[in-house]
Amino acid sequence: MVIYNNSPFKCVQSHSSVGIPTWNPIEAASLWGRYHGTDVDHALPYMAPTGAHDAYMAGEFVIFEDKVIYECLIDNTIFDPATLPDNWKAMN
C-alpha cells in the first residue's frame, strides 16, 4: 500500500517506478487501485473508479456527499450511490 495525495492505493500491476515519477497513482492509474473500506468503521470518501481495477465490490463501504455511509451491494460497481442507488445501501 502507498499513500498518495492522502488516499491509500494498492498496486494492481507489478512494476518498478524507481526513477519514473509519472508512474504515480494519478498519472499511471492502470498500475494502481484505490483501497476501499471493508467495514463501516473504515469507510473512505467515495472516489469515482478509473476502470475495472478499482471498481467497488459487494461488501465495500464509502462515505458519500451527504456524509452517509453506503455499502456496495453489487460487484464491479463504477457509479456512485446517487447515480446507481440500487447498487448501494445507506447504513445510517
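None of the figures in this text is laboratory data; all of them are computed from the coordinates on show. Remember, it's a predicted structure, so these values are computed and weren't measured experimentally. As a convention, Cβ positions derive from the backbone with ideal geometry for all residues, glycine included, and neighbour counts pool all protein chains shown.
Some observations on this one:
- Across the stretch 8-18, rounded Karplus estimates of 3J(HN,Hα) from the backbone phi angles (6.51 cos²θ - 1.76 cosθ + 1.60, θ = phi - 60°) give x, 10, 10, 6, 10, 9, 4, 6, 10, 9, 4 Hz, Gly and Pro being marked x.
- Max mean-square fluctuation residue, GNM over the chain, Cα-Cα springs under 10 Å, options Ile78, Ile69, Ile26: Ile26
- Considered as an equivalent ellipsoid built on the Cα gyration tensor, the chain has semi-axes of 26, 13, 11 Å, the largest given first.
- Karplus 3J(HN,Hα) series, Hz, for the stretch 45-56 with 6.51 cos²θ - 1.76 cosθ + 1.60 (x for Gly, Pro): x, 4, 10, 4, x, 9, x, 4, 5, 10, 5, 7
- Taking amide H positions as modeled 1.01 Å from N, with prolines and chain starts lacking one, the residues under 5 Å from Trp88 and 5 or more places away or on another chain are Leu73.
- Among the trypsin sites (Lys or Arg not before Pro) in the stretch 1-67, those placed in a DSSP loop whose Cβ has at most 12 other Cβ atoms within 10 Å are Lys67.
- Within the listed set Thr38, Thr22, Thr77, the Gaussian network model of the chain (springs between alpha-carbon atoms below 10 Å) gives the highest mean-square fluctuation for Thr22.
- Amide H to amide H, with H built 1.01 Å from N, Trp32 comes under 5 Å of Val12, counting only residues 5 or more places away or on other chains.
- From phi via Karplus (6.51, -1.76, 1.60), per-residue ³J(HN,Hα) for the stretch 84-89 in Hz, x at Gly/Pro: 9, x, 5, 8, 10, 10
- Simple spin-label estimate for Gln13 and Leu84 gives 2.2 nm between the two label positions (7 Å along the Cα-to-Cβ direction from each Cα).
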